[in-house]
1. Which of the GluC sites (Glu not before Pro) found in segment 111-160 are loop residues per DSSP with 14 or fewer other Cβ atoms within 10 Å of their Cβ?
2. If you put +1 on each Lys and Arg Cβ and -1 on each Asp and Glu Cβ, how big is the dipole of the chain around its Cα centre, in Debye rounded to 20?
3. So what is the calculated 222 nm ellipticity per residue for the chain, using -39500 (n - 2.57) for each DSSP H run with n of 4 or more, over all residues, to the nearest 500 deg cm²/dmol?
4. Can you say what percent of the DSSP beta bridges in segment 3-234, counting only those with both residues inside, are antiparallel? Round to 5.
5. Of Lys146/Lys188; Lys7/Lys62; Lys127/Lys175; Lys133/Lys233; Lys175/Lys197; Lys62/Lys175, which sit over 20 Å apart, Cα to Cα?
6. If a/c stays under 1.5 just call it rounded; otherwise compare a/b with b/c (prolate if a/b is bigger, oblate if not). Do that for the chain, with a ≥ b ≥ c from the square roots of the Cα gyration tensor eigenvalues.
Amino acid sequence: MDINGYKRYISEETMMGPNSVRILAELFERYPLQLTADDQILDLGCGTGLTSLVIAKETGAKVYANDLWVSAEENGKRFARWGIGGQVMPVCEDANHLHFEQKQFSALVSIDSYHYFAGREGFFQEKILPLIKDGGAVLIGIPGLKEEYANRAEELLSDWLGDEAYMFKCPAHWKVLIGRHERIESVKTWEMDCFGKAWEEWLAVNNQFARGDRQYFETIIRPYTCFVGICVKLR
Ligand SMILES: C[S@@+](CC[C@H](N)C(=O)[O-])C[C@H]1O[C@@H](n2cnc3c(N)ncnc32)[C@H](O)[C@@H]1O
């Protein structure tokens, strides 16, 4: 996909961290989704719905844009303004208590949010797997620890993240957390390539969160962290 086509949507208003469109582009390049207008995709923890827009345009599928902190009303207004109101449905639910139908989705995408609610063994099998169709795919991109610093998140990241440091885990740890199930065909986790670019684009934003991250980029973020890519394919 050509990220340049989405530049006008990537702004201070829509960004909530490192460029989510860049992270999504790497997932789609590595694991393309072949979907049609009859398919439904869940964008879990979509924030302002920037990735929901891109998923809708790139796949043609119907997208459910679910987030907890951003209301369905706010996202709905944005989607109408972007002209995608008929294709992208805003939803505001906690990922622990979703009310979608069993096997409703051909795919689930989650960018920079899965680590907030899914960092325990069994979450994927209990909360995610029932929602995905047989043969479906789950694509996740989240910040995490580089493999060589496994299990040292609190020691290395607390000055930056405070009591949220524990959420950062390395690719091998996420593979264990996703776990196994008879419906899971494969689980791949890896350190993503888009780290430098996605961070550079976020640090150029002029808001208090980006300014806060800028303070720690050279001393903590760049040396110890990465983006973890996760692809789960179902049988
Ligand atoms: C850093 S923002 C990223 C948003 C967006 N995906 C992006 O990349 O710009 C993290 C998002 O995770 C969502 N989130 C955190 N906990 C959640 C939960 N329990 N259920 C659903 N979403 C959650 C928040 O609402 C927030 O929008």
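1. Those that pass, being in a loop and sparsely packed, are Glu121.
2. That gives the chain a dipole magnitude of about 480 debye.
3. -8500 deg cm²/dmol
4. In segment 3-234, DSSP labels about 45 percent of beta bridges as antiparallel.
5. As for pairs spanning more than 20 Å Cα to Cα, those are Lys7/Lys62; Lys175/Lys197; Lys62/Lys175.
6. Here the chain falls in the oblate category.
Bear in mind that the values in this text are calculations on the coordinates, not laboratory data. From a predicted model like this one, the values you see are computed outputs, not experimental measurements. Note that each Cβ is placed from the backbone with ideal geometry, even for glycine, and that neighbours are counted across all protein chains shown.
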